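The values are calculated or read from the model by the stated rules, or taken from the named source; none is laboratory data. Everything numeric here is computed off the predicted structure, so don't read it as measured data. Here the Cβ is made from the backbone with ideal geometry for all residues, glycine too, and neighbour counts use every protein chain on show.
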Amino acid sequence: MNAAQWLAILVIGNVLANTGRPDWVIPAAIAIIGLHFLPLGKLFANPAHYITGAALLLLALAYPRFAPAGPADPVGCLGAGLILLSSALWAVTVNPAPRADAARRSAASSG
């Protein structure tokens, strides 16, 4: 699934760059990464991935319209980084249950 995400970023990034829209590569990449989180919510039984994915999609759609430099504004990268950092911090501090469940499943399947 991760390979498909990066392939989509590569293809769409090249299409945007070659059609005179290179400033839209970052918002497109943020949107693809956000879309990538949606099936992970079901795959890992972790509803927080839905929130992360939705936040990234909202950022990708909103910041190009409101940021002073449009889609080329670095606030998009900052926003994506803060969303992903918040998601990771939440996963390891507030909600360790999915990690513990995954460890139990792994131990059960290897034994």
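Miscellaneous remarks
- Filtered residues of region 33-43 (kept if basic (Lys, Arg) and either within 12 Å of Gly79 (Cα to Cα) or in contact (Cβ under 8 Å) with a residue 12 or more places away in the chain (or both)): none
- Sub-6 Å Cβ pairs linking a first residue in region 20-32 that is farther than 20 Å from Gly53 by Cβ to a second residue that is in a helix (DSSP H, G or I), at least 6 apart or interchain, are Asp23/Pro71; Asp23/Ala72, ordered by first then second residue.
- Boolean, Ala69 is on the phi < 0 side of the Ramachandran plot, modelled with pLDDT of 90 or more and surrounded by fewer than 16 Cβ atoms within 10 Å (Cβ to Cβ): yes
- In region 1-26, the qualifying residues are those that are part of a helix (DSSP H, G or I), surrounded by 11 or more Cβ atoms within 10 Å (Cβ to Cβ) and not aliphatic (A, V, I, L, M), and the one that is nearest to the chain's Cα centre (by Cα) is Gln5.
- Considering region 44-73, the residues that are more than 13 Å from the chain's Cα centre (by Cα) and free of Cβ contacts under 8 Å to residues at least 24 places away in the same chain include one that is nearest to Val94 (Cα to Cα), namely Pro47.
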